[in-house]
Each structure stands twice: as C-alpha cells, then as structure tokens.
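Data block below; observations after.
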Amino acid sequence: MIELNSVTKRFGRTVALDSVTLTIQRGEFFSLLGPSGCGKSTLLRTISGFEHPDEGDIYIDGQSMEGVEANRRPTNLVFQNYAIFPHMTVGQNVGFGLRRKGLRKGEIKSQVNAALEMVSLEGLENRHAHTLSGGQRQRVALARALIMRPKVLLLDEPLSALDKKLREQMQFELRHLQRAVGITFLLVTHDQEEALTMSDRIAIMFNGRIAQLASPEEIYARPLSKQVAEFIGSMSFLRAETLSQTIDAITIRIEGLGTATLPRPAQLSAAMKKNITVGVRPELLTILFDPSETFEFETPGTITGRVYYGDMTYYEVRLNNSSQVVTVSMRNTAGRSILSEDSAVRIGWDSSSITLI
Amino acid sequence: MKWTLKYGLWAYVSLYLIFLYMPALLLPIFALNDSRIVAFPLQGLTWRWFALLWETEALHDALRNSLIIASITAFMSTIFGLMAARASSRYAFPMRKGMAALVMIPLVLPEIIVGVSLLVVVMQFGFDLSLWTIILGHVLICTPFCVVVMSTAFNNFDRSLEEAAFDLGATRGATFRWVSLPLVLPGVIASLLISFTISLDEFIIAFFLAGVDVTLPVYIWGLLRFPARLPSVMALGTFLLAASLLLLISAEVIRRYGARRAGTSSNGHLF
Amino acid sequence: MGKEKLLKFVTTRQFIRTEQGRGLTLMGVPFIYAALLLAAPLTAVFALSFWSQDYLEIDRTFTLANYHEVWSQPIYRVLMARSLGVSTLVTLVTVTLAFPIAYFISFHIHPSKKLLWIFLITIPFWTSYLMRIFLWKVILGYNGVINGSLTRLGIIEEPLSFILYNFNAVVITLSHAWAPFAILPIFVSLEKIDRSLLEAATDLGDGPVRRFLCITLPLALPGIVAACLIVFIPTVGDYVTPRLVGGPDGLMIANIIEVQFKRANNPPLGAALAVSAMAIVALASLLFVRLNRKYLRSNSS
Ligand SMILES: Nc1ncnc2c1ncn2[C@@H]1O[C@H](COP(=O)(O)OP(=O)(O)OP(=O)(O)O)[C@@H](O)[C@H]1O
Ligand SMILES: [Mg+2]
C-alpha cells in the first residue's frame, strides 16, 4: 500500500530520515513512535509531499510519488495544530477540499453533514472556527481530511494538544473511526500508550532510523534494543552472564537474581556473548506478601523507594548480594498494605519475566 | 518619591501633548477666523475660507492629481510589498537578504536624494515630467513601508494553514486566493492606507519631478508665499486633517472586523 | 553551474516550479524595480558628479572639480556643517523628549488603552507635512502667533528674536515634526521588555533608579538607536523646514542642492553635493551604530 525504499532526507547537516524502509498495509492502523526530533514529522511530510526525499522512493498503491505534488497525492494530513482555517465556518472548513474539486453545492452539503456526523459534530456547520474548543477543532480537522476519502490518512500527533481525559476518549473514537471507514491510518506520536492502545503495528524511530517495526505486543514483550525497551513501558536492566546455550535454549545467571533457562528468541541467531544485559518489566515481578506464597524463583531484596499511583504502587527494590535495583509494580488490591522503605521483601519471578536484549 | 515621580510624569506628558497638538489646534481656529492676518487676537467666525476652497479650480486639479498618484502608488507598492514580504518570509533562495536590502534602502535615504537621482535620469533620457514620473518615485519610497507591514502580516499567520489547503487539493493559486489572501487582508488594507497617505503627503519628490500638473503639496507650497492666501491654506489643512482622521478611524474599524473574523485576538483596542 | 547554463535554467518553466525559483521570481519584481529606479539613478548621480556643466551641454570628461568646489568653498562647508548640526541636535532633542512619553505609555497605561494613546500621539501628524511645518512658521514667525499676539497685546515691543527665522526655529520645528517617529520605536522596544524581569530586579532589592538604569534603559537601547537613525537620516536632507522657518541663516544642504539642480542649472555640482551629503550621513550613521555596539559589548562583559 505505502512503500518507502531507503528514504533519506537531510536538512543541512542533520539527517532527519536515515534510509527508512517500511511497508504499510491497506486498512492498517500504523503508528510511528519516537522521541521529539527523531524525524517523525519529516517522514509524514515526505509521504504527504511537503518534503522531497534526497534519496529513495515512495510508492502509494504501486505508484511512484516522485514529482507528484502534495495536492495531487492520495493522502491527507491532520496537522499537529489542526490548521483549521480561522476565517471560515466549520462547514466551510470541512467542505474546502470538495469545493476545490468543483463539486455541486448540494452534494458538498450532504457530504459535509455526513462527515460531521461521523465525528459527532452534527449541527455545528455554521459555527465560526475560532469559537471551537480544542477537541472540536480536532474533530473538524479529522472530518476535513476524511471527507476527501484519502488512501492514507496521516495524523501528526493529533491528540497531544488535548487534556488527558479527552485524549483517552479520542484514542478510542479514532480507532473506531478507522475501523468504520477502513482507511489506512498513519499516526505519529511520542506517547507510547497511545501507540500501544491504538495500533495494528508500530514503528519505533530514533534519530531518523527505524529501530523496530512490529505489533504492539511484540514490541512490548520483545524489544530489540535497550533503547526501544526503555522507550516503551519501563524496564529494569540487569547485568547477566551466559552460562550455556543450545539451539533453542540459553541458560544465564543474573547477578543478584539467580539462574534461569530461557527459550532462545527468534531474532537471535548468532551465539550469545558472555556478558549480557537482560530486562525485566515491573509487572512481571511480584513482591511476595504472604509467607505461604511461592514462586518458581524467589530472591530477597530491600525496598529503597516507592511511588504511589492510586491503583498501582511502584517499588524500587535493591537485590541482596548485589548493587542492582529492579522496579516492581504491584496492584493495590483490597487488604494489601503499602510497604514502607527499608522493608525486607521476597521477589517472585519466573523465566518468562526475563527478556534477552 | 513614587508619587512625585508619577505626577511629574503626568505633568510632563500633558505639556508634551500641548506641544504636539499646538499646530494642529491652530488649524481650525484660523480656518474659521474672520481675518486675513493669521495672528491673535481672533476676529470672529467665518466660513468664507472654506467657500474659497470650493471655488478654486487649481486646487481641485491638484487634489485630483494627488488622489490619482496616491491610488496608483498605493496599489503598486502594496503589490511589491506583498511580493517581497512573501518571498522573504516564505522562501529560501540565494541573495535573499541582499535583494531585500536594496528594496528597503529608500527607508534610510533622505528623500531629496531619491528626488534628485530620479530627476537626473529623467533629464538624461529626456523624458517629460508627468504624473507618472512622480508615481515612479512614490512607489520607490512607499514600498519599504508596505514590505514591513506585509511581513508582519505574513509572519503572524501559521504556514500550516497554507499547507492544509494545498494538502486538501487546492492549487497554489487557489490556496493563495482562499486562504493566504483572506488572512493577510488586514495587512493589505493597512499597507494600502499607509502608502496612500505617504504618497498624498509627499512633497520633495513631487516637487522635483512634477511637470505642468502639480500635486496637492506642491500646490500648497506655491500658496505659502502669498500671505493673503494663508487663511484658505488653513481651511484646506483643516479639511485634510478631518479627512485623514476619518480614513484612519474607518481603517481601524476594518482592522478590528478582520481580526475578529480571523479569530486572532487583537491586543489593545482603539475605542 | 556556468553562467549561461544558469541563465537558461532560470528562464525555463521548471525553475518557477522550484522553491528557490518561486522566491526569486517574487522578490525579483520589486528588486528589479528598485534596481532600475534607485540603484541605476544613484549610479547616474555618482557619474554626473564627476562631469561638468558646459552651458546647456554636459561635458563628460572626468573631473574632480565639483568635489574640489564642494569641499573647499566655505559656503558649502557651512551648509553641510549646519545640516549635520541641526539634525544632530534635532535627534538629541526629539529622542530625549520622546523617551519619557514612550515610557509613560508602556509602563503607566493599562494595556487595553495603549493603542488609544498611540493614536492620540499620532493624530496631530495626520495633516500634511508641509502644513505642519508651515504652522510653526505661523507660531514662531515675525507676525505669528507668539510674536504677533504678544506685540499686539502690548506685552513685548520687539519680536522675540531667538525663535525668529533661524537655527533654533528649524530645530524646534523639526523636533515636533519627527516626534512620533521617535516615540514609536522606543515604545515598541519597551513593550518587548519582559515585565517579570523588572519584578525580579525589585525582588532582588534594586531601587527604582538602579532598576531603570540597569535593566530598562539597556533593553530599550535598540529602540532608542532606531529612533535616532529614523530621525537623523531624513532631517539632514530636509528641504521644507529651512525654507519656511530657517531664514537666510537657517538654510541647509538640501536647499543648495535644489538650487544647483534648478535655478543655478549646475546639476554636476548638485550631484557632487548630494553624493558628499550621502557619504557623510552614511558615515555618521555607521559610526553611531558601531559605537553603540561597542558600548553594548563592553556593557555585557
Ligand atoms: N525545515 C527544516 N529545516 C531544518 N531542519 C529541520 C526541518 N524540519 C525538521 N528539521 C530537523 O529534522 C529533525 C527531525 O525533525 P522532525 O520535525 O521530523 O521531528 P519530530 O520527530 O516530528 O519531533 P517532534 O516530536 O518534536 O515533532 C530535527 O532535528 C529537526 O530539527
Ligand atoms: Mg513533529
């Protein structure tokens, strides 16, 4: 559907896109996730035709986009600041593209109404753009782009200007909208939660390069690099040592935690080095409150810090016999007290808690 | 200490305002004073100086010439200002700074120099002096002001609006017509008004480059040598002041209307 | 790219399609206009200043005679010096008088009323420049508002001579004429000052005088410099004021340039005068800006 072949874009000395290659399927909800300045917007603008790649090609539906200007590409962009035309009404904003196409008035009107209904803004077509709230502007921008029936809808951090509550609601609505219209969505975001909840697939970018491209579950469970792992969710990193390895299993000793045998991850073909780093997600560790509780592996530690989140508490636990610290998250269920600092605890884990990086 | 400072400042401002307004206030006073001599004490009320204006053919010709010149100048220099401002705020190209600098130079050149240099060229080529030679000079000195006004207008509006229009399938022309132009319209009007006013008021260049048809300031210059005509000059000045105030107020009304339509909150209100 | 290739490229349609091409095309129109009607004529004036007038013809053999005359004849030197003196003084007076006004509007007026005040300042200037200058003749002149009225009322017998058709009259008149051009840039630079900076200074125990000298004034300096240049440059070349209120001892360089071009019919000499005046103004302005930069740098270190 969309194909990028080693697309490179430079601004003077900065390399905004460094040989990016990726394919986006038809009807997919695809997210581009990365820290500020990593080139997300540049990639979107290159696809929509506002920037021209220095190297590489872009194909949409099998057609090369070289020399095709932004106004003739089958893409539409929802701008980060929405770019609502301030001198027009909502209806004029949404109908702008159709008017430029030269459609009849009545036709435009009915399509505008349908589009507004789709984003639940029925009846607002005569409101002036500057009287709208942030969430409403966002919907107008969405309707204005969707009414053009693009092959790909490009969204540049569309939710970042909204407050948390509205953002969560819009995430939900956006996902539904995408299913309903069946248009390919390419969403840019720096919010990992947004990417995880909405996308079919995620590409993680650092410094103009794609670091990993996979489904949300895959990226979360098996990050390819420390950088990716740190960016998505939180993860404690521990020093470890390879003891032995076979074709499908690896035995490692993790300093302060213990020894475990893990299945060899698919992406790892070469032999493991001796000194390695492993990652542990906080929710895959457990603090054993009850003496009767048992786990595959248990390790003693001391709480050195805690952060209370309401439904969860994050504990920092220093492992006994080691300087290494892990983060453990615990759900604050009924009857479970919040542990104080310096308490001695037992951490329960099993081999599936450990991620090889 | 603080109080004396504050009152001192107010007193100073009042005195300064008297200084600023003194000449302008004298205009209507002597325009209505029933005496050929422009001095106190006053002699009584009359409208005859205004009536005299109404009957002076030469004045009407000069006014018409000035209005023609100012209109064409305003139009041309606003278009130039629009082009230069858009080019330098929107596009990157070699020698941008240098080209813009040349266009802006008349701003830091005494007008007499502009007048003299154009006169030299006109003489060299043996062109006839006409309203057009004045227009050429006026466009030159008005363009920098238009560039400044239009640059603020362009810098104040978000470039992604143009991109949005283009992205929605509009051509470059349509984008300009339906998005850029409406949004910089207040700037265009301001630019038209400013250049119109500058041209209408300009004396030196018109003085150097006028042929048989003179502009209003050149005509007034001629009148100033005749003491007997002074009261009617005062009446003319009063009329011009009233007219330009009216123009200014309507411009402000338009500006505020534009600002409201564009949704940008205008900071500060005139009325 | 070779020159010809570049030229060829520039004239193709593709060129207009590139970003650079669009920018160059847009800027090109006003640029060419300015080049034809400003750069070329200025060059012509420059060339003319090295020629000479031979009755009705222009003799195009190179000569420095005009410049020799301009720089050796006392009359031109006096006029040049007077022009510079007048405009320096006018700049000083205008900017000094304008600063408190700009400060007052920026710091003592409620933001919603500021525009109204700016309007108030500019109203008197919405009448013709000539008329404003002329009104000062009416105010200051022999039979004018001040002298005429005072003698008629029997307060004085002789007209007050210190404001009568002389240097002083020129300075007063020009200071009035350029007042808003000094107030506006200073006001703009004062408006840009972050008010929290001043509050911070007060918090740190700076008195009002110290705060003004150490924070407000340095930050307003760009506006003050702009105001000085905006007033200085055009006033050097002012023609109307000296003619109307200057009397024989108040004439300035612009008046003599005009005489050379029109009545005396010696354009080459007029051109040499114009070029010299321009050079002096440019030099003075550059020097002023340079000094100011130096001051700023020594101040910040
Ligand atoms: N027009 C431009 N000129 C010069 N440099 C640019 C331009 N646009 C982007 N860059 C640079 O390219 C890099 C990538 O920018 P980009 O806007 O794509 O980042 P981003 O991932 O969208 O960041 P953010 O999350 O902050 O929006 C940055 O270093 C930026 O400074
Ligand atoms: Mg971005």
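Once R0 is set to 22 Å, what does the formula 1/(1 + (r/R0)^6) return for the Cβ-Cβ distance between A:HIS52 and A:MET1, expressed as a FRET efficiency to the nearest 0.05?
So, using R0 = 22 Å, E works out to roughly 0.60.
In whole angstrom, how far apart do the alpha carbon centroids of the stretch A:1-69 and the stretch C:152-228 sit?
56
Comparing A:PHE295, A:PHE206, A:PHE237, which has the greatest mean-square fluctuation in the GNM of chain A with Cα pairs linked when under 10 Å apart?
Result: A:PHE295 has the largest fluctuation of those listed.
Label points 7 Å out from Cα along the Cβ direction at C:PHE46 and B:ASP34: separation in nm?
Between C:PHE46 and B:ASP34, the label points sit 6.3 nm apart.
Quick one: P(r) of the stretch A:182-326 from all Cα-Cα pairs, 10 Å bins, percents rounded to integers, in order of increasing distance.
9, 32, 33, 21, 4, 0
Rg and Dmax of the stretch B:57-261 over Cα atoms: what are they, in angstrom?
Just the Cα atoms of the stretch B:57-261 yield Rg and Dmax of 19.6, 68 Å.
Just going by the charge dipole of the stretch C:72-300, with Lys and Arg at +1 and Asp and Glu at -1 on Cβ, which of C:THR122, C:LEU286, C:PHE181 is farthest out on the positive end?
C:LEU286
Could you calculate the FRET efficiency of A:GLU168 with A:SER225 from 1/(1 + (r/R0)^6), where r is the beta carbon distance between them and R0 is 35 Å, rounded to 0.05?
0.75
What residues from the stretch A:166-204 fall in the zone where the backbone N is under 15 Å from a label point 7 Å along the Cα-to-C-beta line of A:MET312?
Only A:192-197 fall inside the zone, counting backbone N under 15 Å.
Kindly provide the Kirkwood hydrodynamic radius of the stretch C:85-176 in Å, to one decimal, from all pairs of distinct alpha carbon atoms.
Kirkwood hydrodynamic radius for the stretch C:85-176: 15.3 Å.
If packing is taken as the average count of other Cβ atoms within 10 Å, what order do C:199-212, A:79-92, A:173-186 fall into, highest mean first?
A:79-92, A:173-186, C:199-212
Based on the Kirkwood radius over alpha-carbon pairs, what is the Stokes-Einstein translational diffusion coefficient of the stretch B:192-242 at 25 °C with 0.890 mPa s viscosity, in µm²/s?
Diffusion coefficient, whole number: 206 µm²/s.
For the stretch C:72-300, with only Lys/Arg (+1) and Asp/Glu (-1) charged at the beta-carbon, what is the dipole magnitude about the Cα centre, in debye rounded to 20?
That gives a dipole near 380 debye.
Using a basic spin-label model with each label point 7 Å from the Cα along Cα→Cβ, how many nm lie between A:GLU217 and A:ARG104?
5.1
Regarding chain A, what whole-number volume in Å³ per residue does the convex hull of its Cα atoms give?
177
Out of C:LEU26, C:LEU36, C:LEU116, any idea which swings most in a Gaussian network model of chain C, alpha carbons joined below 10 Å?
C:LEU26
If the only charges are +1 at each Lys and Arg Cβ and -1 at each Asp and Glu Cβ, what is the size of the charge dipole of chain B around the Cα centre, to the nearest 20 debye?
So the magnitude is around 780 debye.
Quick check on chain B: helices-only [θ] at 222 nm, where DSSP H runs of length 4 and up contribute -39,500 (n - 2.57) each and the sum goes over total residues. Nearest 500, please.
Calculated at 222 nm, the ellipticity per residue is -25000 deg cm²/dmol.
How much of the calculated P(r) for the stretch C:19-101 lies past 20 Å, in percent of all Cα pairs?
Pairs farther apart than 20 Å: 66 percent.
Quantify how much of the Cα-Cα distance distribution of the stretch A:111-182 extends past 18 Å, in percent.
For the stretch A:111-182, the share of Cα pairs beyond 18 Å comes to 36 percent.
Whole-Hz ³J(HN,Hα) for each residue in the stretch C:267-278, computed from phi via Karplus 6.51 cos²θ - 1.76 cosθ + 1.60 with θ = phi - 60°, x for glycine and proline: what do you get?
x, x, 5, x, 5, 4, 4, 5, 4, 4, 4, 4
Enter the Cα centre distance for the pair the stretch A:241-288 and the stretch C:41-86, rounded to the nearest angstrom.
92
From other protein chains only, count the Cβ atoms within 10 Å of every residue's Cβ in B:7-14, then give the mean.
3
Taking every residue in C:204-210, how many Cβ atoms of other protein chains lie within 10 Å of its Cβ, on average?
1
For a bin width of 10 Å, list the pair-distance distribution of the stretch B:103-207 built from all Cα-Cα distances, rounded to whole %.
P(r) over the stretch B:103-207, rounded to whole percents: 14, 34, 24, 18, 10, 1.
If you place +1 on the Cβ of every Lys and Arg, -1 on the Cβ of every Asp and Glu, and leave all else neutral, what size is the dipole of the protein assembly as shown about its Cα centre, to the nearest 20 Debye?
Approximately 940 debye in magnitude.
Provide the descending list of Cα extents for the stretch C:72-300 along its principal axes, expressed in whole angstroms.
Taking max minus min along each principal axis of the Cα atoms, the stretch C:72-300 gives 65, 49, 28 Å.
Give the residue from B:SER71, B:SER88, B:ILE141 lying farthest towards the positive end of the charge dipole for the stretch B:57-261; charges sit on Cβ (+1 for Lys and Arg, -1 for Asp and Glu) and the dipole is referred to the Cα centre.
B:SER88
Checking the table A:LYS109/A:LYS151; A:LYS9/A:LYS226; B:LYS97/C:LYS113; A:LYS40/A:LYS105; A:LYS40/A:LYS164 against a 31 Å threshold on Cα-Cα, which pairs fail?
The pairs that break the limit, which is 31 Å between Cα atoms, are B:LYS97/C:LYS113; A:LYS40/A:LYS105.
If each Cα of the stretch B:44-138 is one equal point scatterer, what is log10 of I(q)/I(0) from the Debye formula at q = 0.12, 0.20, 0.22, 0.23 Å⁻¹?
-0.62, -1.10, -1.17, -1.20
With label points built 7 Å along Cα→Cβ from the Cα atoms of B:ARG96 and A:THR251, find their separation and express it in nm.
It works out to 6.6 nm between the two label points.
HN-Hα J couplings of the stretch A:184-194 from phi, Karplus 6.51/-1.76/1.60, θ = phi - 60°, integer Hz, Gly and Pro as x?
5, 10, 10, 9, 9, 7, 10, 9, 4, 5, 4
How far is the Cα center of the stretch B:36-57 from the Cα center of the stretch C:258-301, in Å?
The two parts, judged by their Cα centres, are 43 Å apart.
Across every pair of different alpha-carbon atoms, what Kirkwood hydrodynamic radius in Å does the protein assembly as shown reach?
Roughly 34.0 Å, rounded to one decimal.
Take each uninterrupted DSSP H stretch in chain B, measure its Cα extent along the helix axis, and return the ones at 20 Å or beyond whose mean Kyte-Doolittle hydropathy is at least 0.0.
Flagged H segments are B:2-31, B:57-90, B:111-125, B:131-156, B:181-201, B:230-262.
Take the Cα coordinates of the stretch A:1-103, assign each an equal point scatterer, and use the Debye formula without solvent to give log10 I(q)/I(0) at q = 0.17, 0.20, 0.22, 0.24 Å⁻¹.
So the normalised log intensities are -0.89, -1.11, -1.24, -1.35.
Which residues among the stretch A:275-305 fall inside the zone where the amide N is under 16 Å from a point 7 Å beyond the Cα of A:ASP350, along Cα→Cβ?
Flagged as within label range: A:281, A:283-288, A:293-299.
Readers should treat all values here as calculations from the given coordinates under stated rules, not as data from a laboratory. This structure is a prediction, so every number in the text was calculated from the model and none was measured. Every residue, glycine as well, gets a Cβ built from its backbone with ideal geometry; the counts of neighbours run over all protein chains shown.
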